[in-house]
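In what follows, a structure is listed as structure tokens, so that the remarks can point back to it.
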Amino acid sequence: MDDTGFSLTGKTAVVTGGFRGLGAGITAALLDAGAEVTVLSRGGPDAATRARWIQTDLADESSIASAAEQALSRGPVHILVNNAGTQIRHPAVEFPLSDWDAVFQVNLRAVVQLCQLFGAPMLQRGAGKIINLASLLSFQGGVTVPAYSASKGAIAQLTKALCNEWAGRGVNVNAIAPGYMDTEMNAALIADPVRSRQISERIPAARWGTPQDVGGAVVFLASEAAAYIHGQVLVVDGGWMAR
Ligand SMILES: NC(=O)c1ccc[n+]([C@@H]2O[C@H](COP(=O)([O-])OP(=O)(O)OC[C@H]3O[C@@H](n4cnc5c(N)ncnc54)[C@H](OP(=O)(O)O)[C@@H]3O)[C@@H](O)[C@H]2O)c1
């Protein structure tokens, strides 16, 4: 450990969805902190990157299993960031159950499977860091995104459940709940001048969040400086929840 405990030199990280949106900020921050990074996603990088890529479809159990096997065949994985997520919008009364399943597959079932596949060797070594991406909708219900809200509520509870089983065995499981972040996921909200202004005015920091804002929080939770932090859902929202 360095003096401050924030360095990730010599650590290996896996980030799902690590080339786009918040994931790009997380990958960049982990690389800057000294970690080697492997990204699991459907699409590859848009630009040159030091991160490795294993093409993975998180909607497919066998694709996830084979990606984890490939990543682990290169050596131990010290940090798992379950960043990838998806959102489908319909009024609750007519929400197609096939879309419900699609959201739950990527946002929850894939996370459980990855926690098992990467968590098992962490538990054997007695060390590891898992960081899940929750949401403000882990606490609030949202409107016309009931599957997303329910899946993110479940992510917060999964994080606590794994903490209770794994903290005493050297594995830190925590989550980050981003607020309103300027990514593709929010393209429709950002394009709506009225909603976009209403949201900005309610954020105490007076701006939408960026992928960099989340990257710093991930590096902290992945570092030895956060060794005694377990089962937390760290809100990174410019103060939204305080209002
Ligand atoms: N943006 C926000 O305001 C906000 C707020 C709270 C929480 N979050 C959470 O933060 C995380 C990142 O969000 P974001 O805003 O960066 O979303 P985004 O811009 O829509 O990016 C989604 C990422 O997930 C990956 N992904 C989606 N489906 C996948 C699949 N089937 N297989 C593999 N990868 C898949 C995508 O990669 P490929 O398309 O290349 O596969 C992409 O990298 C999500 O869990 C989201 O729920 C976001």
Quiz prompt | Per-region count, segment 47-82, residues touching a Lys or Arg at 6+ places or on another chain (Cβ under 8 Å), closer than 22 Å to residue 126 by Cα and of a type in the set (Val, Ile, Thr) | solution = 1
Practice problem: Filter segment 224-243 for residues that are touching a residue at least 24 places away in the same chain (Cβ under 8 Å) and assigned to a loop (DSSP other than H, G, I, E, B) and give the result. | Solution: 227, 229, 230, 231, 232, 237, 238, 239, 243
Quiz prompt | Test for residue 58: is it closer than 15 Å to residue 14 by Cα and part of a strand (DSSP E or B) | solution = no
Quiz item: Just for segment 130-178: of the residues that are without any contact (Cβ under 8 Å) to a residue 24 or more places away in the chain and not in a helix (DSSP H, G or I), which one is farthest from residue 231 (Cα to Cα)?
Solution: 143
Exercise. Residue by residue through segment 190-223, note down the ones that are over 24 Å from residue 84 (Cα atoms) and assigned to a helix (DSSP H, G or I).
Key: 193, 194, 195, 197, 198, 200, 201, 202
Practice problem: Give just the number: which of (1) small (Gly, Ala, Ser); (2) in a helix (DSSP H, G or I); (3) loosely packed, with under 14 Cβ neighbours inside 10 Å; (4) within 8 Å of the ligand (Cβ to nearest atom) does residue 43 not satisfy? | Solution: (2)
Quiz item: Which is at pLDDT 95 or above and in contact with an Asp or Glu (Cβ under 7 Å, 6 or more places away or on another chain), of 236, 214, 218?
Solution: 236
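The values are calculated or read from the model by the stated rules, or taken from the named source; none is laboratory data. Just so you know, these numbers come straight off a predicted model, no measurement behind them. Heads up, the Cβs are rebuilt from the backbone with ideal geometry, glycines too, and the neighbour counts pull from every protein chain shown.
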